Amino acid sequence: MAETKALQFDDGLLRLDINGNGILTFNPSDFNVYQRFFGLLKELPQLEKRYAAEVEQPGSEDDSFALAGRELDRARELDREIKDKLGVAFGPGNDFDALLGGANLMAVGNNGQRVITNLLNALAPYIEEGAKRHQQEAAEAALRSRAQRRAVQQG
């Protein structure tokens, strides 16, 4: 029987405990994460407008139970849609429903901001630092490569 060996290497992953609900894992220096994260930030105002229009605005329907049921269904659908977008942004294996303890992303926190806004604001410094680190390392690698080419040309 063949022996299984473990390969361990630095994959750059950051692991953040999200409010004690679970671990969010992603590489903050991955430009794909950076791009998807800031795309979601840009999209957030439109998502909030949709939520307000489709869920928070009372309808003109006489049957308040039917109206409330539809609003709750729509709130759940929009929450799932946004959590799916977060999953795409940060990569597979990150279950944002579990990471947020089942909270609806459009719920309001104690500070008056939506949960999604608080989450993205809390994550932004990690993403920005990772992107800066990536750019710095890429610039240093380019300088090393240029120096090596010069050495070869002169040697």
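The values are calculated or read from the model by the stated rules, or taken from the named source; none is laboratory data. Fair warning: this is a prediction, and the values are worked out from it, not measured in the lab. In this analysis, Cβ positions are derived from the backbone assuming ideal geometry, glycine residues included, and neighbour counts consider all displayed protein chains. SASA here: full protein model, heavy atoms, side chains in, ligands and nucleic acids out. Shrake-Rupley method; radii C 1.70, N 1.55, O 1.52, S 1.80 Å.
Some notes on this structure:
- Of all the residues in the range 18-36, those that are surrounded by 18 or more Cβ atoms within 10 Å (Cβ to Cβ) and over 24 Å from Arg76 (Cβ atoms) number 6.
- Residues that are open to solvent by 20 Å² or more (accessible area, probe 1.4 Å) and touching a residue at least 60 places away in the same chain (Cβ under 8 Å) within the range 95-106 comprise Asp95, Ala98, Leu100, Gly101, listed in sequence order.
- Residues in the range 104-134 that are aliphatic (A, V, I, L, M) and within 16 Å of Glu48 (Cβ to Cβ): Leu105, Met106, Ala107, Val108, Val115, Ile116, Leu119, Leu120.
- Among the candidates Ala52, Ala68, residue that is at pLDDT below 85, assigned to a helix (DSSP H, G or I) and farther than 25 Å from Asp11 by Cβ: Ala68
- One residue stands out among those in the range 107-131 that are more than 13 Å from the chain's Cα centre (by Cα) and open to solvent by less than 10 Å² (accessible area, probe 1.4 Å): the one that is nearest to Phe26 (Cα to Cα), which is Gly130.
- So Lys5, is it in a helix (DSSP H, G or I) and either open to solvent by 60 Å² or more (accessible area, probe 1.4 Å) or modelled with pLDDT of 90 or more (or both): no
- Selection status of Ala103, over 17 Å from Leu41 (Cα atoms) and touching a helix residue (DSSP H, G or I) at 6+ places or on another chain (Cβ under 8 Å): yes
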